[in-house]
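Enquirer: Attaching a single structure in structure tokens format; questions to follow.
Each reported figure results from applying straightforward, stated rules to the coordinates on display, with no laboratory input. Since the model is a prediction, treat every value here as computed from it, not as a measurement. Here the Cβ positions follow ideal geometry from the backbone for every residue, glycine too, while neighbour counts run over all protein chains shown.
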């Protein structure tokens, strides 16, 4: 009887082991990884935000003494291009001549046989900034000193911002450049009654160009001030709320604003000619690189032309852009799709990238990903996306600080899905009225964002240059990660894949500690995620794996680190060294 019981228990044990999904037969044991590099986090900066192929990069390491035995290593993704000894804190390097490439420079030394990373930075080699737009903004065009202008531009250069939107630089919306006879006025008042100095705008444009930062001027595509008829605007060009052309559509503004903004029909050919001529005047005197076009979104209630015809504004954007591109072919045009309104026509027009101002109902992390994916489809995967997504919106009503955790989590989602976030100028954006600057960045956010923009730049060829989002099957062997495929869920680590011809990329977004999935975090209460360390992972993968590496803007300056792995059949096991906000895992095959 005893023997039978022992045999029965043995049989049960064998069956249990065979059915257990965490056994080593089903999931080979994840091998140990090399030691994680230590990170010092010195500031390594470049003289320009981006470089043309063949152009030399000038580096500056912010330190009083060069680390002992310091070297600098240049990499394209994981692959090392060159490593040289460092003898001074300023040096130069000429990247390979390939166009539209991202690189990383890593300053390091060996300490007791373990690498210590002292500083890193991203490098963008692109002949056209609109391929990988990293968009910022400017709002203050008063009587600024050259020192202040350089200070602002140098700070934005640290984040590799390669395009700037000049917000409310203009005089009247229907006459953006205020003239004094046949020459520009020395200064004028913008619509909020702030002084704009011509020379300040001009110096910003020129200073930006010296750093390979391009400039676009902001304006509505259909705005006119009161009494615009005195400047040649015709009543037949306006948009009306009725079909008897009595009540003009307008955007109401109160003091200190100088005028309401009255709306004109973008598809009206005479208004197009008028607006083009005024824009040519801008380009004649200011070397802007393009026109950042704005709209006011879906007006919802019926709108009419002067002739009483129904007007669907979304249908007017493409012909307006096309008219401008035909008339001024050497400048770019980008139009804001407010909550995606009119994006289909905008994407079909000659726009080099797509820009979406994100409002309700796009309130969750998943919605940010959805917008980027929609824009990919609408542009036949030819145009990248910039999102205007204003953080900590209610908090920004009063002086204070941005919530570091919510800003980094939102950027992690936007960047991982291939978008960029317009958020940096003289201050960080918390409101759609760009000059509003109640909220400031804490020092930890400033430093973290430099790492995030380095990461966006260095790995742009995986984040924003092809590949197809796909489904992957992964498991947490030791249950340290509560994994769920995207879309995001609170209490989970969301993951999704992106497949290239020889690489499988997997992104991990850590929402384990999140109390909300609303990216805006209106009141700034999102807590930072708890760091998860040494998690054993199993991946189902049919190809023969050659290499696995990981990179994260949250650790070791974003460097690419090789992971040990074991493959048995279609099962690949490895260890995730750590995860805070966002990790990018790359499986090469």
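Enquirer: For every helix of n ≥ 4 consecutive DSSP H residues, a contribution of -39,500 (n - 2.57) applies; sum these over the chain, divide by its total residues, and give [θ] at 222 nm rounded to the nearest 500 deg cm²/dmol.
Expert: About -6500 deg cm²/dmol.
Enquirer: Please report how far the C-alpha centroid of region 395-462 lies from that of region 50-124, rounded to the nearest whole angstrom.
Expert: If you average the Cα positions of each part, the centres end up 25 Å apart.
Enquirer: Turning to a different aspect of this structure: Taking the Cβ-Cβ separation of residue 35 and residue 66 as r and a Förster radius of 25 Å, what is the calculated FRET efficiency to the nearest 0.05?
Expert: 0.60
Enquirer: Where both partners of a DSSP beta bridge lie in region 123-257, what percent of those bridges are antiparallel, to the nearest 5?
Expert: 45 percent
Enquirer: If you don't mind, there's one more thing I want to ask. Taking the Cβ of each residue in 427, 174, 90, 160 as the centre, tally the other Cβ atoms inside 10 Å and list the residues starting with the fewest.
Expert: 90, 427, 174, 160
Enquirer: Is the C-alpha gyration tensor of region 304-364 telling us rounded, prolate or oblate? Criteria: a/c under 1.5 is rounded; beyond that, a/b larger than b/c is prolate, otherwise oblate.
Expert: Oblate, since a/c reaches 1.5 and b/c is not below a/b.
Enquirer: How high is the FRET efficiency from residue 83 to residue 436, r the C-beta distance, R0 60 Å, rounded to 0.05?
Expert: So, using R0 = 60 Å, E works out to roughly 0.85.
Enquirer: Considering only DSSP beta bridges with both partners in the chain, what is the antiparallel share in %, to the nearest 5?
Expert: Taking every DSSP beta bridge within the chain, about 70 percent pair in antiparallel fashion.
Enquirer: Relative to the longest principal Cα axis of the chain, at what angle does helix 317-327 sit, 0 to 90 degrees, rounded to 10?
Expert: So the inclination is approximately 70 degrees.
Enquirer: Can you give the Rg to Rh ratio of region 38-125, both from alpha-carbon atoms, with Rh computed by the Kirkwood formula?
Expert: 0.95
Enquirer: A follow-up question, please. Fewest Cβ neighbours within 10 Å first, please rank 203, 172 accordingly.
Expert: 203, 172
Enquirer: Quote the relative contact order of region 143-246 in percent (integer), defining contacts as alpha-carbon pairs under 8 Å separated by 6+ residues.
Expert: Over region 143-246, the number comes to 32 percent.
Enquirer: Rounding to the nearest 10 and keeping the result within 0 to 90°, find how far the Cα-based axis of helix 269-285 lies from the longest principal axis of the chain.
Expert: So the inclination is approximately 80 degrees.
Enquirer: Now for a different question. Is region 66-166 best put as rounded, prolate or oblate by its Cα gyration tensor, with a ≥ b ≥ c the root eigenvalues, rounded for a/c under 1.5, and otherwise prolate when a/b is larger than b/c, oblate when not?
Expert: It comes out oblate by the Cα gyration axes.
Enquirer: In addition: Just how far, in whole angstrom, is region 179-231 from region 248-288 if you go by their alpha carbon centroids?
Expert: 12 Å
Enquirer: With an 8 Å cut-off on Cα pairs and a minimum separation of 6 or more residues, tell me the relative contact order of region 38-125 in percent.
Expert: The value is 37 percent.
Enquirer: Right, another one. Students often get this wrong, so try it: which of (1) 27.4, 94; (2) 26.5, 101; (3) 26.9, 112 is Rg and Dmax of the Cα atoms in Å as calculated from the structure shown?
Expert: Given (1) 27.4, 94; (2) 26.5, 101; (3) 26.9, 112, the calculated one carries the label (3).
Enquirer: Something else: Please figure out what share of the DSSP beta bridges in region 468-588 is antiparallel and state it in percent, rounded to the nearest 5.
Expert: Close to 95 percent.
Enquirer: While we're on this one: Tell me the angle of helix 365-378 to the major Cα principal axis of the chain, expressed in degrees between 0 and 90 and rounded to the nearest ten.
Expert: 70 degrees
Enquirer: Still on this model: Between residue 52 and residue 382, what is the FRET efficiency for a Förster distance of 30 Å, r being their Cβ-Cβ separation, to the nearest 0.05?
Expert: Given R0 = 30 Å and the Cβ-Cβ separation, E is 0.90.
Enquirer: Sequence gap at least 6, Cα distance under 8 Å: using those rules, report the relative contact order of the chain to the nearest whole percent.
Expert: Taking the mean separation of contacting Cα pairs over the length of the chain, I get 14 percent.
Enquirer: Please report 85, 521 as a ranked list, fewest other C-beta atoms within 10 angstrom at the top and most at the bottom.
Expert: Taking fewest neighbouring Cβ atoms as first place, the list is 85, 521.
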